[in-house]
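What follows is one structure encoded as structure tokens, with my remarks underneath.
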Amino acid sequence: MGWREGGWALWFTGLPGCGKSTIARAVRDRLAACGLEAVLLSMDERRRAYFPKPAYSAEERAKAYALFASEAADLTARGRAVILDATAHRLAMRQEARTIIPRFAEVLVRCPLPEAMRREAAREQQHGRGYVMPGMYRKALERRRTGVAVPGLGEVVGVDVPYEENPAAECVLDALASVDVNAGRVLAFLDGWLGAGEAG
């Protein structure tokens, strides 16, 4: 059974600002060009569906990721290919999805924290859709320095809480490589993981 049959999930994870969303969209588009319509689930977007008035608390975050994993599991059970785009800073959040999705793989976009901060600061000036709060690194650092709360800003991964990297991630990408190169690496991984699908 190759990747064309669906019923599998790839979770793109990494620090906020590492570029995982851009790579995930590129992979989805390349798969579509090969005849496979994958479902792209973005936590930034799905969170608003789960919690119309989000509090961004640790408890809410845990519940959001449980719902996220369950949604992906339901889709894969129906034979869909699913691309998950979410930081999920705690490894247990990603492992929960692994336990309920038979064909599951983790794509780690490895990025130095200073580079992730630089990229996130650049997009603060843009009107990008889906971002929970532009400038979150800057605001989190300012909050830590002054002790002044920022309304709507929860714990920021990389500043307030660490990102837990999975040493057994099935596919590891270098955030400093181009989007095109990284998308190609994911498709090559898919061919090896699920069987040849002419995904070049």
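The values are calculated or read from the model by the stated rules, or taken from the named source; none is laboratory data. Please read these numbers as outputs of a predicted model, since none were measured by experiment. Cβ atoms come from the backbone with ideal geometry, glycine included; neighbour counts cover every protein chain shown. Ligands, DNA and RNA are excluded from the accessible area calculation, which covers all protein heavy atoms including side chains. Shrake-Rupley method; radii C 1.70, N 1.55, O 1.52, S 1.80 Å.
Quick notes
- Flag if residue 159 is β-branched (Val, Ile, Thr) and either surrounded by fewer than 16 Cβ atoms within 10 Å (Cβ to Cβ) or modelled with pLDDT of 75 or more (or both): no
- Across region 49-83, the number of residues qualifying as in contact with an Asp or Glu (Cβ under 9 Å, 6 or more places away or on another chain) and of a type in the set (A, V, I, L, M) comes to 5.
- Among the residues of region 19-37, just one is open to solvent by less than 10 Å² (accessible area, probe 1.4 Å) and closer than 21 Å to residue 96 by Cβ, namely 24.
- Tally, over region 1-18, of residues that are surrounded by 24 or more Cβ atoms within 10 Å (Cβ to Cβ), part of a loop (DSSP other than H, G, I, E, B) and of a type in the set (Gly, Ala, Ser): 2
- Check on residue 40, over 20 Å from residue 152 (Cβ atoms), open to solvent by less than 30 Å² (accessible area, probe 1.4 Å) and not β-branched (Val, Ile, Thr): no
Per-residue answers, yes or no, for (1) modelled with pLDDT of 95 or more; (2) out of contact with any Gly (no Cβ under 9 Å at 6 or more places or on another chain); (3) surrounded by fewer than 19 Cβ atoms within 10 Å (Cβ to Cβ); (4) within 25 Å of residue 193 (Cβ to Cβ):
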{"site": "71", "(1), (2), (3), (4)": "yes, yes, yes, yes"}
{"site": "100", "(1), (2), (3), (4)": "yes, yes, yes, yes"}
{"site": "103", "(1), (2), (3), (4)": "yes, no, yes, yes"}
{"site": "111", "(1), (2), (3), (4)": "no, no, no, yes"}
{"site": "115", "(1), (2), (3), (4)": "no, no, yes, no"}
{"site": "123", "(1), (2), (3), (4)": "no, no, yes, no"}
{"site": "130", "(1), (2), (3), (4)": "no, yes, yes, no"}
{"site": "163", "(1), (2), (3), (4)": "no, no, no, yes"}
